[in-house]
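*Asks:* Before I ask anything, let me first share the structure, which is written out below as structure tokens.
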């Protein structure tokens, strides 16, 4: 799977841009604010979700543009060319985003996710293990989605049922039958989503232990989740029964808290350096970055083995906090992996070891210019 053409229309700082990658690795170089990350974000939007920035639709149109935006990509695959587009509908609501797959509306976003995969690393993820669990959970779920596109449906169904239950409890509308139906949906989807998370973590840990991260430290991922703990020793149907009963028993507490105390939304993850035993939360910024890069590289290998093609790798400022030895290890891993990679940086000299394998493009003024 290769991105062969990217077209942007009124997206972020780009009024109109058509770019055709010419190398396995593309590096966008320029000062902060010149549009480097916008290009990675555009590609990340080919995968269902809110992209690598988690931005709202209202943040994506170009300032001074017509109010809408569009991103389109042509991909070459073993089955031939494929076109994916996403953006707003002309004269439609600005907060509604749509997809097009080969010019037609897909049956669901899962159909798009089944055709393309992307993983990314951003500077914001440097603080992944120092802040709240929501960021870690989103990171975890992106890893799962790339392997199991149907996981997005499970999480959406869980969150919808949970939102309706929270609203009923907050309004004091304790309709037993209605609440029981919502809690049943929460339990079924939470167990399915947690089982997918647990399976992915187990496979990724095995891959990392096998050395797929190369020169980067071997990480071990652990789920902090009572649902996952029970699934490790009990059948899924029994865990569903427990969760359903627990939600019913906790209605008064959840009404006061305005949130469910149990569910797929409460899962957390921890990352540990296997060699030193140091949790990522206690490691230096450089060590955290190295652990995350190792996880991303291992995950890319796992996707390639599982789905038959490597994902698009989107690495925003990956060289920051890495010493020269680890930068060399990263560049070497990229050439071995063979995944199409888009990277950003402010200093072209940092990427000199990729000469002959990567193209360097300068950003600024809503355009791209090859760098000699």
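*Asks:* Rounding to the nearest 10 and keeping the result within 0 to 90°, find how far the Cα-based axis of helix 133-147 lies from the longest principal axis of the chain.
*Replies:* Helix 133-147 sits roughly 70 degrees off the main axis of the chain.
*Asks:* Could you tell me what percent of the DSSP beta bridges with both partners in the chain are antiparallel, to the nearest 5?
*Replies:* Counting DSSP beta bridges with both partners in the chain, the antiparallel share is about 65 percent.
*Asks:* Could you give the distance between the Cα centres of the range 103-119 and the range 336-372, to the whole Å?
*Replies:* 28 Å
*Asks:* If you consider only alpha-carbon coordinates, what radius of gyration and Dmax does the chain have, in Å?
*Replies:* 21.6, 69
*Asks:* First check a/c for the range 1-150, with a ≥ b ≥ c the square roots of the eigenvalues of its C-alpha gyration tensor; if it is under 1.5, answer rounded, and if not, answer prolate when a/b is larger than b/c or oblate otherwise.
*Replies:* rounded
*Asks:* Right, next: Starting at 0 and stepping by 10 Å, how many percent of the alpha carbon pairs of the range 243-372 end up in each bin?
*Replies:* Each 10 Å bin holds this share of Cα pairs: 10, 29, 25, 18, 12, 6, 1.
*Asks:* Return the FRET efficiency for the residue pair residue 184, residue 2: r is the Cβ-Cβ distance, R0 is 45 Å, and the value is rounded to the nearest 0.05.
*Replies:* For R0 = 45 Å, the calculated efficiency reads 0.55.
*Asks:* Oh, and also: At a threshold of 8 angstrom on Cα-Cα distance, excluding pairs fewer than six apart, so keeping six or more, what relative contact order does the range 4-95 reach in percent?
*Replies:* Reported relative contact order: 32 percent.
*Asks:* Taking the beta-carbon count within 10 Å as an exposure proxy, list 238, 36 from fewest neighbours to most.
*Replies:* Listing 238, 36 from fewest to most nearby Cβ atoms yields 238, 36.
*Asks:* What is the fewest-to-most order of 174, 220 by other Cβ atoms lying within 10 Å of their Cβ?
*Replies:* Going from least to most buried by this count: 174, 220.
*Asks:* Counting other beta carbons within 10 Å of each residue's own, what order do 357, 14 fall into, fewest first?
*Replies:* 357, 14
*Asks:* Relative contact order for the chain using alpha-carbon pairs under 8 Å, separation at least 6, rounded to a whole percent?
*Replies:* 24 percent.
*Asks:* Where does helix 324-337 land angle-wise versus the long Cα axis of the chain, in degrees 0 to 90, nearest 10?
*Replies:* 80 degrees
*Asks:* Over all alpha-carbon pairs in the range 295-372, figure out the percentage whose distance exceeds 15 Å.
*Replies:* Everything past 15 Å amounts to 59 percent.
*Asks:* Using 0.36 nm times the number of residues separating residue 199 and residue 248, minus their current alpha carbon distance, what extension gain do you get?
*Replies:* 14.9 nm
*Asks:* Alpha carbon centre of the range 287-318 versus the range 1-71: separation in Å?
*Replies:* Between the Cα centres of the range 287-318 and the range 1-71 lies a distance of 20 Å.
*Asks:* While we're here: What number do you get for the range 147-245 when its Cα radius of gyration is normalised by 2.2 N^0.38 Å, N = residues?
*Replies:* Here the answer is 1.34, to two decimals.
*Asks:* Also, I was wondering about something else. Enter the angle in degrees (range 0 to 90, nearest 10) between the Cα long axis of helix 285-307 and the first principal axis of the Cα atoms of the chain, meaning the one along which they spread out most.
*Replies:* 80 degrees
*Asks:* Let me understand the range 180-320 better: what is its radius of gyration from the alpha carbons, and its Dmax, in angstrom?
*Replies:* 18.1, 51
Any read-out appearing in this document is the output of simple, stated calculations on the displayed coordinates, not a laboratory observation. The shown structure was predicted, so the numbers you read here are calculated from the model rather than taken from an experiment. Glycine also receives a Cβ, built like all others from the backbone with ideal geometry; neighbour counts cover every protein chain displayed.
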